[in-house]
1. Go through (1) touching a Lys or Arg at 6+ places or on another chain (Cβ under 8 Å); (2) free of Cβ contacts under 8 Å to residues at least 40 places away in the same chain one by one and return the number of the condition residue 130 breaks.
2. Determine whether region 115-138 contains at least one residue that is open to solvent by less than 80 Å² (accessible area, probe 1.4 Å), in contact with a strand residue (DSSP E or B) (Cβ under 8 Å, 6 or more places away or on another chain) and at positive phi.
3. Picking from 169, 179, which residue would you name as being more than 18 Å from residue 239 (Cα to Cα) and in a helix (DSSP H, G or I)?
4. If residue 151 passes every condition in (1) surrounded by fewer than 18 Cβ atoms within 10 Å (Cβ to Cβ); (2) within 25 Å of the chain's Cα centre (by Cα); (3) within 23 Å of residue 76 (Cα to Cα) but one, which one does it miss?
5. With the checklist (1) of a type outside the set (A, V, I, L, M); (2) on the phi > 0 side of the Ramachandran plot; (3) open to solvent by 40 Å² or more (accessible area, probe 1.4 Å); (4) at pLDDT 90 or above in hand, flag the one item residue 257 doesn't pass.
6. Before we move on, is residue 186 in contact (Cβ under 8 Å) with a residue 60 or more places away in the chain and of a type in the set (Gly, Ala, Ser)?
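The values are calculated or read from the model by the stated rules, or taken from the named source; none is laboratory data. Because the structure is predicted, anything quoted here is derived from the model rather than measured. Note that each Cβ is placed from the backbone with ideal geometry, even for glycine, and that neighbours are counted across all protein chains shown. Ligands, DNA and RNA are stripped out before the accessible areas are found, and what is left, the full protein with its side chains, is counted by its heavy atoms. Shrake-Rupley method; radii C 1.70, N 1.55, O 1.52, S 1.80 Å.
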Amino acid sequence: AQRPGVRGQRNVDQVPLAFSVLSKGATLDLERVEILKGPQGTLFGQNSTGGAINFIAAKPTSSFEAGLEASIGRFQAVNVNGFVSGPLTDTLGARLSFTADAGGAWQKSYTRDDRLGDKRFQAARLLLDWQPTDRLSIAVNLNGWRDRSDTQAGQLTGFPLPSALTDPAKNVPVAVQRAVLDYPLAPRKARAADWGPYRPRADETFYQASVRIDYDLASAVTLTSISAYSHFRTRSVFDIDGMAISNNTTMLDGKSRSFSQELRLGGKAFDDRLDWVIGGNYASDKTTDAQDLDMSIAAPGYSFIGAG
C-alpha cells in the first residue's frame, strides 16, 4: 500500500486515495488526467515527494447526453461502459457512469481441464452538481467498485535446492517429499500454470463519498471545503506455488477506512497578477491486514516443517 507523502499521490477531483489499491476505479469516465512532478505542496498534492496523478472526472452536462461502448477481446474478454448526463433542475445537474469487465481466462492448468484469469469487475460513479446561488456551488461524488476477478497463479519451473527435501536433518515427512518432488514442472508456455485446492480469486469492495463546497466571499476570494470518506474491504486468495496442493496458499483479509478534510481560502490580487491560497488538511487512515498461509504440504523453507 502507498500512503500519502510517500512516492506519488493519486487524487480523483482533488480527493486523495490513501492507498494504491483504492485507485482501481479511478479511470472511470474521465475528462482528463494530470501528471504533476514532485515534490508537491501540502494542500494540492498531500505533500508527496514523488508528484501526483490527478484524475479529473467528466462532469454533468448542461444538456442531456448519453453514451455506451462495448468491446470484446481474446479469451472471451468483454468490457462495457457508459454514461448518462444532464440537468435535473435549473440548478442541479447529474452524471451517472459505469463500467464492467468479464471473461479473459488466459491461464491453463497443465494437469487438468481448468482455466484461470476471468475478470469480474464493476464500477460506478454518480456526480451531482448543485448551484443554488451565483456565489455557492456544491459537488457530490458517490462512487464505488467491486472486484471478484481471478488472481494470477504461479508457474512451477523448478526447485533451487531439491536435495533439501530429502535431507535427514530437515526431518521432512516422506509424503511431503513425494508430493513436492514428484509434481510435474510446467511446460515452457506462458499460459501454463497450476493452482488449488482453493480457487485464487479476489474479493474486494470499495465505496467512497465526497462533498466539495465553493463559496465566493468576495469577487476575488473563494472559500473551498473538500470532505471525503472511503471504505475498502478485501478477502482474497493468492496461490503462488504453481501446484494444485497447499504448498503456499495465502488468504488475505483486510480493510481500510479513510477520512480527509481540506479547507482553503484562495483568490487573486494586484489586478489578477497574484494568485494566493492558504489553508490546511486533515487525514485519518485506519487499516487492518491479516494474512493466513495454508502450508499443509510445505517445502522445508519454513522453520516449523519438522512439525509436519
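1. (1)
2. yes
3. Working: 179 fails: more than 18 Å from residue 239 (Cα to Cα).
None of the others qualify; the one that does is 169.
4. (1)
5. (2)
6. Working: in contact (Cβ under 8 Å) with a residue 60 or more places away in the chain: yes; of a type in the set (Gly, Ala, Ser): yes.
Judged against the criteria, residue 186 is a match.
The rows are residues; the columns are (1) touching a Leu at 6+ places or on another chain (Cβ under 8 Å); (2) under 28 Å from residue 24 (Cβ atoms); (3) surrounded by fewer than 18 Cβ atoms within 10 Å (Cβ to Cβ); (4) aromatic (Phe, Trp, Tyr).
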| residue | (1), (2), (3), (4) |
| --- | --- |
| 194 | yes, yes, no, no |
| 200 | yes, yes, no, no |
| 217 | yes, no, yes, no |
| 228 | no, yes, no, no |
| 231 | no, yes, yes, no |
| 239 | no, yes, no, no |
| 272 | no, no, yes, no |
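Rundown of residues vs (1) at pLDDT below 95; (2) in contact with a Phe, Trp or Tyr (Cβ under 9 Å, 6 or more places away or on another chain); (3) among the polar types (S, T, N, Q); (4) within 19 Å of residue 16 (Cα to Cα), yes/no style:
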residue: 179; (1), (2), (3), (4): yes, no, no, no
residue: 226; (1), (2), (3), (4): no, no, no, yes
residue: 231; (1), (2), (3), (4): no, yes, no, yes
residue: 242; (1), (2), (3), (4): yes, yes, no, no
residue: 245; (1), (2), (3), (4): yes, yes, no, no
